[in-house]
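Student: Attaching a single structure in structure tokens format; questions to follow.
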Amino acid sequence: MNQQRLVLVVDDEKTQRRTVAGILEGWGHEVKEAESGREALDALAGQAFDLVLTDLRMPGMSGLQLLQECRAVRPDVAVVVMTAFGSIETAVEAMKSGAADFLTKPIDLDQLEVVVKRTLEMKRLIRENKLLRRRLEETSAGFKLIGRSRKMAEVLNRAARAAETDATVLIQGESGTGKELLARSLHDLSPRADRPFVAVNCAALPETLLESELFGHVKGSFTGADRDRPGRVAAAEGGTIFLDEIGDVSPLVQVKLLRFLQEREYSPVGSDLTLRADVRVVTATHRDLPAAVAAGSFREDLFFRLKVVGLDLPPLRERREDIPELAALFLERFAQRYQRPARRFSSEAMACLMSHPFRGNIRELENVIEQAVVMARDVVIQAEDLSCVGAVPPGGGAETGLPTLAGVEGNLPGVLEALERRIVMETLAAFSGNQSSAARHLGLTESGLRYKLSKWRETDDTG
């Protein structure tokens, strides 16, 4: 056993617990102990254990109850139950409830080694299999849901290179641009992909609670702290912690974060104990941090620590060529989720999407498509099915980044034709000239698209 794993040994009999823990430590594993099921659950809430060895018969919460609670708190943890020879039936019941294996007391050293080795190897294989599936499916889907325009290709290329390292990453972009999705993709592409990804919304908690949420606290450190509680940093051990809305943290928390980033050390609230952390840090904000630094509301030294690698996500209005593919992905997702008939967009509906400002970015687009799928009665989503119809402000052409359509003001057929032509050409460009893909996303047949292109060429030649 040459690969260290984090193991939790649970037994109310101290001598038995210490004996098993000592053997496991001798094999090179990091071992924590708990003398009750409740204490074990507290430990599981704070750290991602690879293996739990628990006695079946304990006062208060039995090993079988602990096993069931483990399924809810840490569904991926492997649990091995320890039982006296006379309660094999209970051990079999535990196996049916999800235990990986069982050991009979008194514990035989050879049997312990075989069971622990076999269980950890099985967990490794399951984890690798899930990791491969996640990398092939989720990361690919995640990147698709962020976009594949030229601007986004540059961001994603930088992200893929950064993912290979433990460098701290700062993601900046407006609300709804996909910052957390990009953070998750960074984690999924990294060597830490099989360890926890823990997200914390820094803007959602006041200063005192945020420090406790991140670093934990000890019993009695403040009103209501009735027991020791590990923080989110401990929960992310070995993996990635994502600090969203980092630009909203107070000066006091900024100081704590600076120390943590410099030393990878922290102290729980109310404790003098210094703990080390093995985590990758990814942060995000919708705020202009350089401006906040200049204004004195954000520490310059912390800003530089956070931005070892900077990724700037452009708003959707600056990469409209991503809209057709994003809309199609959301359409497919929600049609399946709600079992609705909608399968494609009419050209008028796509024109509405392409001209809408989308101040809420991808999140707003997702919401618009979800509503349309729910409300549409037909296979084709029409313009009137879209909640964004009529939401473009006066003078929207300039505000949305679309050019003024000179010479067609007040002429509705002319406006629609000019807008349709622009959408078709931009969609073709987004699909690198692939007429089949472009037609499908525009809700046209391929022959219908070719007819439009031919008609416009004839108009250009005669005009």
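Student: May I ask you to list the residues in the range 309-328 that are in contact (Cβ under 8 Å) with a residue 60 or more places away in the chain, aliphatic (A, V, I, L, M) and buried (at least 20 other Cβ atoms within 10 Å of the Cβ)?
Tutor: Residues satisfying the conditions are LEU311, LEU313, LEU316, LEU326, ALA327, ALA328.
Student: Considering only residues that are in a loop (DSSP other than H, G, I, E, B) and touching a strand residue (DSSP E or B) at 6+ places or on another chain (Cβ under 9 Å), look in the range 194-213 and name the one that is nearest to ILE241 (Cα to Cα).
Tutor: Residue satisfying both the conditions and the ranking: PRO196.
Student: What are the pairs, 6+ residues apart or on separate chains, where a residue within the range 443-454 that is in contact (Cβ under 8 Å) with a residue 40 or more places away in the chain and surrounded by 17 or more Cβ atoms within 10 Å (Cβ to Cβ) has its Cβ under 9 Å from a residue that is part of a helix (DSSP H, G or I) and not acidic (Asp, Glu)?
Tutor: If the second residue must be part of a helix (DSSP H, G or I) and not acidic (Asp, Glu), the pairs left are GLY443/SER347; GLY443/ALA349; GLY443/MET350; LEU444/SER347; LEU444/VAL424; LEU444/ALA438; LEU444/LYS452.
Student: I need the full set of residues from the range 275-295 which are aliphatic (A, V, I, L, M) and surrounded by 21 or more Cβ atoms within 10 Å (Cβ to Cβ), in order please.
Tutor: Answer for the range 275-295, where residues must be aliphatic (A, V, I, L, M) and surrounded by 21 or more Cβ atoms within 10 Å (Cβ to Cβ): VAL279, VAL281, VAL282, ALA284, LEU289.
Student: Turning to a different aspect of this structure: So for the range 81-97 (the condition being modelled with pLDDT of 80 or more and under 29 Å from the mean Cα position of the chain (by Cα)), does at least one residue qualify?
Tutor: no
Student: Also, quick follow-up: Of the residues PRO196, PRO251, PRO230, which is surrounded by fewer than 18 Cβ atoms within 10 Å (Cβ to Cβ) and either farther than 21 Å from ALA292 by Cα or not polar (S, T, N, Q) (or both)?
Tutor: PRO251
Student: Something else: For the subset of the range 149-191 comprising residues that are touching an Asp or Glu at 6+ places or on another chain (Cβ under 9 Å), buried (at least 17 other Cβ atoms within 10 Å of the Cβ) and part of a loop (DSSP other than H, G, I, E, B), which member is modelled with the lowest pLDDT?
Tutor: The selected residue is SER149.
Student: Scan the range 427-440 for residues that are assigned to a helix (DSSP H, G or I) and at pLDDT 75 or above and jot them down.
Tutor: Correct list: THR427, LEU428, GLN435, SER436, SER437, ALA438, ALA439, ARG440.
Student: State whether one or more residues within the range 329-343 are among the acidic types (Asp, Glu), touching a residue at least 24 places away in the same chain (Cβ under 8 Å) and part of a helix (DSSP H, G or I).
Tutor: no
The values are calculated or read from the model by the stated rules, or taken from the named source; none is laboratory data. Note that this is a predicted model, so its numbers are computed, not measured. So basically every Cβ, Gly included, is an ideal-geometry build from the backbone, and we count neighbours across all protein chains shown.
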